[in-house]
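First the structure, in the form of structure tokens, and then the observations on it.
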Amino acid sequence: MWFFRPGGHGPAEPRPTVILTNGSDGQNVDMWTYGVSAALDRGWNALVYDGPGQGELLFVQELPFTPRWEKVVGPLIDWLDRREDVDSSRIALTGLSMGGNLVARAAAFEPRIAALVCQPGCVSPWLGFDKELRDVVTADKAETNRVWNEEVVPELTPQLAYTVRKRFEIFSEEALREARAGRVLTDLWTPAQLAIGLDVTTVVPKIKAPTLVLDYDFEQFYPGQPKQMYDLLRSRREYVKLTQATGAQLHCSPMAPQQHCDLVFDWLADVLHH
């Protein structure tokens, strides 16, 4: 966990604070570009962390993603609450990439979040996998893994095999270890259940915090899901699509992070203004 606050040596002053959440395969240093710098420029604090399935917690501690992200965010807010330089009534939570799914779950069950941003809105990470792969997974674990190992894996090209290893290493300790050894996982069913369990369709309507849902032209991983999340929300909400016309297309606007941050923090400033 890294905590950033604006420079200066005066007395501690309670400030708005944003908790920045990464996605499935980013490094926490990415959050400097996607929020830390923008927060500091506005005189806000920023907190960056790795949760299960991310960074050190995945690759060192071998902890896969958890479907109960409120258990990850809650202790972070507990820690912020004890700081004199944090205004506890103005704590925002953002989620980049698959983080847009994780933070939605957290906000549904953590009432201390004053504002939420999903970048993009992601209702189901499982739907980001190809349908052909999803169709292999059934309620029958043994049959699923038989079809996977006997019919699918032998036909994978080296490129597809690498993609499978990379995308499933975040969902189970066994899959992570297999990927490190250069092998395709043999138990597809178990990590698939975790990916399926990250669906937040039923919990998004429980979110009370004002929520900004971002979408992108040519969204590669979760097309259609940001609008689906927006439609499920019952709190104050806003939907914004970043476009090719301004160079902000594609998942998370990789070519326009400053534009991305300006939009997010202008919205947060409006929502958290006292």
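The range 64-103 to the range 119-195: how many Å between their Cα centroids? Measuring centre to centre over Cα atoms gives 29 Å. For Thr157 and Arg183, the FRET efficiency from 1/(1 + (r/R0)^6), where r spans their Cβ atoms and R0 equals 25 Å, is about 0.95. Over all pairs of different C-alpha atoms in the range 232-274, the reciprocal of the mean inverse distance, the Kirkwood hydrodynamic radius, equals 11.7 Å. When the alpha-carbon atoms of the range 183-248 are used, the pair Rg, Dmax equals 15.6, 46 angstrom. Less than 5 angstrom separates the built amide H of Leu63 from those of Gly53, Leu58, all sequence-distant by 5 or more or on a different chain. Ranked by solvent-accessible area (1.4 Å probe, protein heavy atoms only, all chains present), the residues Trp126, Trp79 order from largest to smallest as Trp79, Trp126. Taking every Cα-Cα distance in the range 159-273 and sorting them into 10 Å bins from zero, the calculated P(r) comes out as 12, 29, 30, 23, 5, 0 percent. If I build a Gaussian network model for the chain, linking alpha-carbon pairs within less than 10 angstrom, which residue out of Thr66, Thr138, Thr17 has the largest mean-square fluctuation? Among Thr66, Thr138, Thr17, the largest GNM mean-square fluctuation belongs to Thr138. Give the Debye-formula value of log10 I(q)/I(0) at each listed q (0.07, 0.14 Å⁻¹), with one equal scatterer per alpha carbon of the chain, two decimals each. Reported log10 I(q)/I(0), two decimals: -0.26, -0.97. Near Phe171: Cβ cut-off under 13 Å, other residues only, Lys/Arg at +1 and Asp/Glu at -1. The net charge is -3. Just checking the listed ones, Asp135, Asp217, Asp187: in the Gaussian network model of the chain with Cα springs under 10 Å, the one fluctuating most is Asp135. For the residues Thr21, Thr163, Thr201, a GNM of the chain with alpha-carbon springs under 10 Å puts the largest fluctuation on Thr163. Ellipticity at 222 nm from helices only: DSSP H runs of n ≥ 4 in the chain, each -39500 (n - 2.57), divided by the residue count, give -10000 deg cm²/dmol. Taking the C-alpha atoms only, the angle from helix 257-272 to the longest principal axis of the chain is near 60 degrees. Here the scattering of the range 90-174 is modelled by Debye summation over its C-alpha atoms, one equal scatterer each and no solvent; at q = 0.13, 0.15 Å⁻¹ the log10 of I(q)/I(0) is -0.59, -0.71. According to the calculation over all Cα-Cα pairs in the range 66-117, the P(r) per 10 Å bin from zero is 26, 56, 17, 1 %.
Summing Lys and Arg as +1 and Asp and Glu as -1 over all other residues whose Cβ lies under 13 Å from the Cβ of Asn149 gives a net charge of -3. Could you pull out every residue, at least 5 positions away or on a different chain, whose amide H is within less than 5 Å of the one on Arg237? Hs are placed 1.01 Å off N in the peptide plane, and Pro or chain starts have none. Here Thr211 satisfy the definition. The lysine pair tally for the range 149-269, using Cα distances under 25 Å and a gap of 8 or more places or different chains, is 5. Relative to the longest principal axis of the chain, what angle (0 to 90°, nearest 10) does the C-alpha long axis of helix 70-81 take? In the chain, helix 70-81 runs at an angle near 20 degrees to the longest axis. Over the range 3-99, what number does the Rg to Rh ratio reach, with both radii from the alpha-carbon atoms and Rh per Kirkwood? Ratio value, two decimals: 0.98.
Here the Karplus relation 6.51 cos²θ - 1.76 cosθ + 1.60, evaluated at θ = phi - 60°, turns the backbone of the range 236-243 into coupling constants of 3, 8, 8, 10, 9, 9, 7, 10 Hz, with x for every Gly and Pro.
The values are calculated or read from the model by the stated rules, or taken from the named source; none is laboratory data. Fair warning: this is a prediction, and the values are worked out from it, not measured in the lab. Glycine gets a Cβ as well: all are built from the backbone with ideal geometry, and neighbour counts include every protein chain shown. Please note that ligands, DNA and RNA were not included when accessible areas were found on the heavy atoms of the full protein model with its side chains. Shrake-Rupley method; radii C 1.70, N 1.55, O 1.52, S 1.80 Å.
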